[in-house]
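The values are calculated or read from the model by the stated rules, or taken from the named source; none is laboratory data. Remember, predicted model here, so these are calculated numbers, not experimental data. Using ideal geometry, Cβ is built from the backbone for each residue, glycine included, and neighbour counts are taken over all protein chains shown. Calculation scope for accessible area: heavy atoms of the full protein, side chains included, ligands and nucleic acids excluded. Shrake-Rupley method; radii C 1.70, N 1.55, O 1.52, S 1.80 Å.
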Amino acid sequence: MSGTQQPAVCPRSWAADRPGGPPPRRRDALRNRELLVEAARDAFTAEGLHTSLDRIARRAGVGSATLYRHFPNREALVDEVYSSTLTDIITAGDRALAVQSAWTGLTNYLYAVFAALPTERGAGCPAGPWPGGATTLELIHVQHRRTVNALLRQGQRQGTIRPDATGEDLLFATAVLGRALPALLTTAPTAWRRPLALLLDGLRTHPAASRLPTPSLTTDELDKVLLPAR
């Protein structure tokens, strides 16, 4: 063969970008995904989970087609936005269950959950309703119920929580309080601390506790009360 063989040359779009990370199209896609998640979190917090997806795309500065390339439906977007909330709920629950005093663990856990609610308005109170199809939100609620029930039973064994209280009692009461929280945000953002303290005080074991007037809701009854809003 005559002449010298020319070295292979990588395509410009790949060779020029390899040292500095992903190619420009990949970087743009990652950035668009981050913008969409940030815009969705803001929209869900301000307007709830049923806000328009087109409006979320406009908030992010991208087209609706870009949103659907990353998230084929609302549930996928909700799952992405609240994945860190699930992690936080699990962490808070594990921390509460590790405390020797179940009463201290329960009060610390509930105060932590309610303190986060103003920024998690879209997810709502973990004991309250959530939209169907969003796996992450369902896991948040399941984890919350498990933590509350475990702490309640442990507190009853330790003699610090009244024996006739049930997990459904506490979940229902905190769900009602959680639903009122958005109305407090612009008026008295920390006012929830007072009714929560009164609610918790009613769980304490003390000689003067009055007998509860009606039976507790069952788990099925609680679901029927809380879930229609889905």
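Counting only residues that are acidic (Asp, Glu) and surrounded by 14 or more Cβ atoms within 10 Å (Cβ to Cβ), which one in segment 45-82 is farthest from Thr135 (Cα to Cα)?
Residues of segment 45-82 acidic (Asp, Glu): 47, 54, 75, 79-80.
Right, trim to surrounded by 14 or more Cβ atoms within 10 Å (Cβ to Cβ) and you get 47, 75, 79-80.
Details: Glu47: 20, Glu75: 8, Asp79: 6, Glu80: 10 Å.
Ranking the qualifying residues of segment 45-82, first place goes to Glu47.
Per the conditions (1) surrounded by 12 or more Cβ atoms within 10 Å (Cβ to Cβ); (2) in contact with a Ser or Thr (Cβ under 9 Å, 6 or more places away or on another chain), the sole criterion not satisfied by Leu181 is (2). Selection of segment 146-178 for residues being of a type in the set (Asp, Glu) and buried (at least 16 other Cβ atoms within 10 Å of the Cβ) yields Glu168, Asp169. Counted as qualifying within segment 45-99 are the helices (runs of 4 or more DSSP H) with 1 or more residues that are touching an Asp or Glu at 6+ places or on another chain (Cβ under 8 Å), namely 53-60, 64-70, 83-98. Among the numbered conditions (1) closer than 30 Å to Thr147 by Cα; (2) open to solvent by 60 Å² or more (accessible area, probe 1.4 Å); (3) at pLDDT below 95; (4) among the small types (Gly, Ala, Ser), the only one that Ala98 does not meet is (3).
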